[in-house]
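Everything below concerns the one structure shown next.
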Amino acid sequence: NIDFVNGYVTKWKSGYPDYQNADFFIDDSADGSDSKLECYRLKASDDADKRALSVGEYVEVTGYLQNYNGKAEMVNGTFSVQETPGGQGGGESVVDGKCHPELEGLKGTQIRDALYSQIVNHTVLEYIDVRGDKALADLRSDGTIWDIYSNCSFNRWSYCGNGDNYLACECYNREHILPQSWWGNDNTQPMRFDLHNVYPTDYEANSNRSAWPYAEVTGSVDWSNELGSKLGYNYGYSSTVFEPADEYKGDIARIYFYMATCYKDKKFSQGGKGYLMFSWSGSECSFTTKALTCLLKWHRDDPVSQKEIDRNNKVALKQGNRNPFVDDPDL
């Protein structure tokens, strides 16, 4: 029994949300720390008003909370999900609708340098932690895996590794939106474990994307799926490219803006077709003109969605940094 508490659902104490008697914590801040935590016991309930309770949500609780299978209900009290303070999630400071008032007056690379200092120092996760069934950052409201390459519906346990030929929608695996081969397949680099860059995707779609650069297909189409993702030829690049579905083009652009900021000292043009999207000055990476033109177009045509905001909040809780281009699209 409690009088009142509000805060972020930060982590599960034991087991998974769908295991009986797993405990979850509510924290007064989104820093992932153990400060001022309140712990609640999950209890089975089949009431119609129960709802999914996700890590990263900002909740307000009065009374006694019962929960099971990630579904919350109240006994002699109230429970509600609130808008994160400031409206942005993760405790960001918002002034005049902007998440980064300290950037006022800065231009161009000054902005990137300032953002770099804010996001570069973060927790480096284990590789297992960025898997879809472990990260739990890409779940739809019904608990299925949310894939941005296909309209497949995967349960969390449909993960598959590499090496076999799986059919479309048979299973999902880990996709590095900015391919590992572009920085030389160095498995010790933090980019490999950055959840902002790692998404669960349909195995077949992931295999077709391979490490091809993102761009719009302007020539022949070699592969496509129902969602609208396609693999084909781009005359500007004189190369095969992968074009994601329209509804996720902005998501991918903002991931690239994040990667080029958080890892601006990494050479993303040293392997594969990375040189088509990135250049290297000797100390910092930059976008090629063609890539930047395309990514900015995608960013403007496909604004930030609630899915991106929710995912940004969840990733911030796990590794301690945010994608500022989701928080403040004007950047």
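The values are calculated or read from the model by the stated rules, or taken from the named source; none is laboratory data. All figures in this text were calculated on a predicted structure; none of them were measured in a lab. All Cβ positions, glycine included, derive from the backbone under ideal geometry; neighbour counts span all protein chains shown. Just the protein is used for accessible areas: all its heavy atoms, side chains included, with ligands, DNA and RNA removed. Shrake-Rupley method; radii C 1.70, N 1.55, O 1.52, S 1.80 Å.
Summarising the label geometry, the points placed 7 Å from Cα in the beta-carbon direction at residue 170 and residue 218 lie 3.6 nm from one another. Here the accessible area is traced with a 1.4 Å probe on the protein chains. For the range 200-303, carbon and sulfur cover 46 percent of it.
Using a simple charge model, +1 on the beta-carbon of Lys and Arg, -1 on the beta-carbon of Asp and Glu, nothing else, what dipole does the range 100-256 show about its Cα centre, in debye to the nearest 20?
On the way: 12 positive and 23 negative charges, 58 e Å.
Using only the charged Cβ atoms, the result is roughly 280 debye.
Here the Karplus curve 6.51 cos²θ - 1.76 cosθ + 1.60, taken at θ = phi - 60°, turns the phi angles of the range 228-239 into couplings of x, 5, 8, 10, x, 9, 10, 5, x, 8, 6, 7 Hz, with x standing for Gly and Pro. Label-to-label distance, residue 118 versus residue 292, with points set 7 angstrom from Cα along the beta-carbon direction: 2.1 nm. For residue 127, the accessible area of its heavy atoms, probed at 1.4 Å with every protein chain present, is near 50 square angstrom.
Taking all protein chains as shown and a probe of 1.4 angstrom, residue 193 keeps an accessible surface of around 30 Å².
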